[in-house]
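The structure appears right after this line, and notes come after that.
Throughout, read-outs are computed from the coordinates displayed, never taken from laboratory work. Please read these numbers as outputs of a predicted model, since none were measured by experiment. A quick note on method: Cβ atoms are made from the backbone with ideal geometry, for glycine too, and the neighbour counts reach across all protein chains shown.
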Amino acid sequence: MSLRKNPMTPARLQANRRNAQKSTGPRTARGKSQSRMNRLRSGGRSRLYGDLLQALMDAPLCAVLETARTILTPAQMSHPLFAELVEIFCQAEAGVALRYGRLPSPQNS
């Protein structure tokens, strides 16, 4: 049994297939070359990502989140790539702090 309220009609299926033919990504050489550069601008190989990574590695204990907030804008902080990197560093920071007794352990609270 389908969970869709309206079952797919043949006309709707045909319309979906026509629309899918229109949205196949860049077709020109210029468009393809521009889309190749997207990852360099905002992805894992961007200058901002490298700068953030270096700053987080150099950040003192208990200052990872503040360091990230000074480097990134709020929109960049919510970007999944940057948010994941900051979260990884925050978890590592908490683990180090718990291990060396700088934060109270959840079991001792």
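Among MET77, MET57, the order by Cβ neighbours within 10 angstrom, fewest to most, reads MET57, MET77.
Each Lys and Arg Cβ is given +1 and each Asp and Glu Cβ -1; about its Cα centre, region 21-83 then shows a dipole of about 740 debye. Compute the Cα gyration tensor for the chain, then decide on rounded, prolate or oblate, letting a ≥ b ≥ c be the square roots of its eigenvalues: rounded whenever a/c is under 1.5, prolate when a/b is larger than b/c in the other cases, and oblate in all that remain. It comes out oblate by the Cα gyration axes.
For a paramagnetic label modelled at 7 Å from the Cα of ALA94 toward its Cβ, which residues of region 62-79 fall within the zone defined by backbone nitrogen distances under 15 Å? Once the point is set 7 Å along Cα→Cβ of ALA94, 62-66 turn out to lie under 15 Å by backbone N, inside region 62-79.
Taking a span of 24 Å or more along the helix axis (Cα atoms) and a mean Kyte-Doolittle hydropathy of at least 0.5 as the rule, the DSSP H helices of the chain that qualify are 80-99. Name the residue, out of ALA63, ALA20, ALA75, whose mean-square fluctuation peaks in a Gaussian network model built on the chain with Cα pairs under 10 Å. With Cα springs under 10 Å in the chain, the top fluctuation among ALA63, ALA20, ALA75 is at ALA20.
How high is the FRET efficiency between MET57 and MET37 when r is their beta carbon distance and R₀ equals 25 Å, given to the nearest 0.05? For R0 = 25 Å, the calculated efficiency reads 0.40.
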